[in-house]
1. Please report, in debye to the nearest 20, how large the charge dipole of the stretch 85-146 is about its Cα centre when each Lys and Arg carries +1 at its beta carbon and each Asp and Glu carries -1 there.
2. Compute a Gaussian network model of the chain, connecting alpha carbons closer than 10 Å, and tell me which residue from Glu192, Glu118, Glu99 fluctuates the most.
3. Report, ordered by chain and residue number, the aspartates and glutamates lying within cross-link reach of Lys103, taken as a straight Cα distance under 15 Å and ignoring same-chain residues fewer than 8 apart.
4. DSSP beta bridges in the chain, what fraction antiparallel, as a percent rounded to 5?
5. In whole Hz, what ³J(HN,Hα) sequence does the stretch 169-175 give by Karplus (6.51, -1.76, 1.60; θ = phi - 60°), x for Gly and Pro?
6. Under 5 Å between amide H atoms, partner at least 5 residues away or on a different chain: which partners does Ile42 have, H built in plane at 1.01 Å?
7. What's the local net charge at Ile206, with K and R +1, D and E -1, over the other residues with C-beta under 12 Å away?
8. Please turn the phi angles of the stretch 36-48 into ³J(HN,Hα) values with the Karplus equation 6.51 cos²θ - 1.76 cosθ + 1.60 (θ = phi - 60°), one per residue in order, whole Hz, x for glycine and proline.
Amino acid sequence: MIHDFTIEKYEQLCAAILKSDYSTLTMERYFSSRSLPSRYIILRHDVDRKPQNALSLAKVEAKFGICSTFYFRHTPSVLKPKLIDEISKMGHEIGYHYETLSKTRGNIKKAIQLFDTELQNLRKICKINTISMHGRPLSRWDNRDLWTYADLSHFGLLGEVYLSIDYNKIYYFTDTGRNWRSTRYNVRDRVEGKTIPDLDSTDELITYISSENPKAICILTHPNRWTNNKLEWLMESLSDYLANSAKVLISKFYH
């Protein structure tokens with residue numbers, strides 16, 4: 001039996017997508033296309049930690065001829081130029097996983113300045129056309145609020161994945177919480193949109209893709225969660241269990 005949230009399981013997911021009648025899109029293509037395919041899946045990865053795991057997923061997708069979008073945080077442990085360049089050269093899109101409002105503790109002016117600096121640093125590695133906020137569940141600041149005071153076009157950006165997409169038209173699945181439920185154990189990665197089925201495993205997601213076939217799907221993964229290393233897998237599983245318990249309490253506070 002193949003455990004969930006392993007590279008082998010992700011290969012099965014990619015195989016199911018390839019076998020289906022869906023086209024796969026990067027976020028950049030979604031935002032820039034005048035005409036979208038009749039059925040499509042947007043594949044997105046938020047690289048919070050362990051960029052090497054992101055490289056592993058990128059290689060799997062490349063093997064299946066799939067291109068996706070990887071959003072990298074601007075932190076020393078994640079911002080690895082050679083690795084990011086390697087993923088980009090496979091045909092994947094690289095995006096900026098920003099968190100400057102949290103970093104500046106709510107100082108709007110400093111947050112906008114820091115956003116520009118970090119964006120330019122990433123653009124020294126490869127082109128950056130789309131962004132995704134990093135949701136810190138323990139932070140009092142929501143990084144999306146930056147765009148109340150700034151404009152994406154000022155930075156030459158096509159879109160922000162939480163603010164620029166109508167999720168009433170797209171089914172949104174995220175592995176946050178180590179399952180594929182949209183709200184359970186999910187404090188900041190929520191979107192307002194279609195009510196999706198509660199899927200507890202990647203096998204259930206594969207079955208859903210293969211049989212239910214909604215017109216448009218967005219799948220978000222966090223690569224740190226996906227590994228073949230047994231010890232790392234166990235540690236991530238334990239970390240998710242503890243984080244989920246904490247998020248239940250936080251969700252009660254926020255809601």
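Just so it is clear, none of the values below were taken in a lab; they were calculated from the coordinates. As the structure is a computational prediction, the values presented were derived from the model and not from experiment. Cβ atoms come from the backbone with ideal geometry, glycine included; neighbour counts cover every protein chain shown.
1. So the magnitude is around 260 debye.
2. Glu192
3. Hits, sequence-local ones excluded: Asp48, Asp116, Glu118, Asp142, Asp145.
4. Percentage antiparallel, nearest 5: 5.
5. Values, residue by residue: 10, 9, 7, 10, 10, 10, 7 Hz.
6. Sorted by chain and number, the residues that satisfy this are Leu25, Ile217, Cys218, Ile219.
7. Every neighbour counted, the sum reads -3.
8. With coefficients 6.51, -1.76 and 1.60, one gets 8, x, 5, 9, 8, 10, 9, 9, 9, 10, 9, 8, 7 Hz.
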